Amino acid sequence: MDLLVIRHAIAGDRDEWAQTGKSDHDRPVTDEGRDRMRETARGLRAVFPKLELIATSPLKRAVQTAAIVAEAFDDLKVVELEALSPGLPPEDAVRWLAGRRESRIAVVGHEPSLGILVGWLMREEAESFVSLKKGGACLLRLPSTPAPGTADLKWLLPPKLLRQLGDT
Amino acid sequence: MTRRSLLDRTTGDAVARTARGYLADAESALARLANRQDTEALHDFRVAIRRVRSVLRAYARWIGRAGGKKVRRRLRTLGTATNAGRDAEVQLAWLEGERAGLARGERTGLNWLTKRLRATRSESYRAARRHVRQDFRRTRDLLAKRLGELDDAGPAFRETFAQLLRQHAADLETRLGAIRSPDDEEEAHEARIAAKRLRYLLEPVTRDEPGIRKLVARLKRLQDVLGNLHDTHVLEASLADALDEVATEKARQLRTLALAGDTIALRRARRRDERVGLATLTTKARIRRDRLFAALTHDWLSDGGTAFFRDARVQTDRIGTPSPPPVERERKYLLTGLPEIPATVTPQAIEQGWLPGDRLRERVRRIRDESGERFYRTVKLGQGLERIEIEEETTAEMFDRLWPLTEGCRIAKQRYRIANGDFTWEVDVFRDRDLIVAEVELPAGRDDAPIPEWLSRVLARDVTGDPAYLNLTLASTPGATRDGGGARGGAPRKRARRRPAPA
């Protein structure tokens, strides 16, 4: 299985949002974040053209990011996955992956949870192995039934490089 | 040193530079205010402030608090403080121009209106002068602080500029399309504002872009027509107010004189009727308005604007088209031994490894030389004479994190960079195998470089595009001795021979 791990696009300022009294769950991506993510998504498609499914954290900024990526992949199906919410241990997400039939999946979520998920899949250590920038992504190669400690990191790209690749 | 075009900067950087330039213009205009003879000082100040506000407004999405409402509100107050005075000034200029064409009896009305407008102008400018210095300093300090918060990140200015150019030009086209008759005062006003915003958007890049400079010149002409039309609309409103006021005043005066039984004064008052002159001026203003509208129709509304908007689209596409990613073009040659290395050339120790991607390969690299240690990450797509390669410097921390993952796919080499005419040759001596190659990067349009004499003596053959000599292939077969075309296979490594440095 190829697993594309994507951090959500640039969202509004956390503190400013908190002052509005609304839940962090609903904090959206900014206009700039949306524009950049569209370019980033084109880059993702350039380097990983075939994707079968996108799973996203249910938080608004992740759902919006997943929608932008889905659009770049011809309106690919997006499912919300509670296990990708911030702060949750990686086991549930890995269990969910192991139960999927698709072999090319993207997950959209948050840091440091995504870094921990990558660390768990690569080394069976629940420690952040990589720190993704907003809109950044990495690709893991896993066996058909993913398990902790079985992943190889194929690449890890910041959003700037992905955007440049999207121009090719 | 070559000056970097604004378009090659980031949005934050370009906006900060532009805004600071306009603030400096405002400051120098303000310094001229003390000189009462300098009638243009206040106008220049006002224009500079409007330019700052316009640039912050246009790029607000990308510049955080520098484009926030607080800053823009203060700038707006500064920029509009003299509006009434400026309107009065424009009307006074027009009225003076009309004086010679009026009969003596008609000048009474002109004089009446002139007096009133002068009072408005003086009061407006007096009030503006009183507060403007303090208000400006407060605003300038706030904005300078906010501009200082902008980092050098953000999208390329080229992209945001092209995006805004497209939007602003489309907006102007729509607004012009809404003007149907000389009576469409509101529509003409909206178009004037749209033209002004587009011009202010374009002005910062005219220095580097002749195509944009031409657009600005045409916009200035449009602004002149729309500005004059606007001034005429304002003038017509002033004349209507003046006529109302004069009529009431005259009626009151005649009644007072009639009641007083002062027949001589009453006769004189009847002769000196300001309404006659104001009515003549109203007719003249209407003629002017219709002439301006005819000019606007001819130059911009009936297909006249088509060429402008077509050219604006051409400029948008040209500027907004992202430069193609750098394509690496190089030639690679297998060598039979080390060429003579100039004494001034010191080697770089290069270690590089690849992550196990397939379609896209990511490489991390460490370079050590006299100047210290540097780290890079590079992504590559494709192969052969042309392939996409994007490189960026990275941190030691990132290198340390990714390096262990490249195990089994690494190379280590000693690199000598030797300048030769327009080209720089890189001679790589592999540390883990018996192999020496030379590479040269080619400019666009070239697929070859002259082989220098010092290289030809050790040149075995051209291996450009040969997968066996790709660094990645070599890295996947560590330590294997390569066939050097029979010339070098198995030969013991030779030490670099040194050529004396040129005097």
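Data for the structure
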{"read-out": "Exclusive hit being farther than 26 Å from A:Lys154 by Cβ and crowded, with 22+ Cβ neighbours inside 10 Å, set A:Val47, A:Val5, A:Val29", "value": "A:Val29"}
{"read-out": "Pick from the range B:98-112, criterion over 12 Å from B:Ala279 (Cα atoms) and surrounded by 17 or more Cβ atoms within 10 Å (Cβ to Cβ), ranking: modelled with the highest pLDDT", "value": "B:Trp112"}
{"read-out": "Options B:Arg218, B:Arg180, B:Arg158: the member that is of a type in the set (Lys, Arg) and crowded, with 22+ Cβ neighbours inside 10 Å", "value": "B:Arg158"}
{"read-out": "In the range B:41-93, the residues that are among the hydrophobic types (A, V, I, L, M, F, W, C), within 21 Å of B:Glu203 (Cα to Cα) and not in a helix (DSSP H, G or I)", "value": "B:Ile63"}
{"read-out": "Cβ pairs under 8 Å, 6+ apart, first in the range B:399-425 and on the phi > 0 side of the Ramachandran plot, second surrounded by fewer than 16 Cβ atoms within 10 Å (Cβ to Cβ)", "value": "B:Gly408/B:Ser476; B:Gly408/B:Pro478; B:Gly421/B:Pro450"}
{"read-out": "Criterion (surrounded by fewer than 17 Cβ atoms within 10 Å (Cβ to Cβ) and modelled with pLDDT under 90) met by exactly one of B:Leu381, B:Leu355, B:Leu360, B:Leu405", "value": "B:Leu381"}
{"read-out": "Residue in the range A:83-96 that is touching a strand residue (DSSP E or B) at 6+ places or on another chain (Cβ under 9 Å), free of Cβ contacts under 8 Å to residues at least 24 places away in the same chain, away from chain B (no Cβ under 11 Å) and outside any strand (DSSP E or B) present", "value": "yes"}
{"read-out": "Lone unmet requirement of (1) farther than 30 Å from B:Ala103 by Cα; (2) buried (at least 17 other Cβ atoms within 10 Å of the Cβ) for B:Thr321", "value": "(2)"}
{"read-out": "Some residue of the range A:57-75 being crowded, with 18+ Cβ neighbours inside 10 Å, within 14 Å of another protein chain (Cβ to nearest Cβ) and not in a helix (DSSP H, G or I)", "value": "no"}
{"read-out": "Candidate set from the range A:131-164 (those that are facing chain B (nearest Cβ under 7 Å) and in contact with a Gly (Cβ under 6 Å, 6 or more places away or on another chain)); member that is surrounded by the fewest Cβ atoms within 10 Å (Cβ to Cβ)", "value": "A:Lys154"}
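The values are calculated or read from the model by the stated rules, or taken from the named source; none is laboratory data. Keep in mind that what you see is a predicted model, and the values were worked out from it rather than measured. Reconstructed Cβ throughout: ideal geometry from the backbone, glycine too, with neighbour counts over all protein chains shown.
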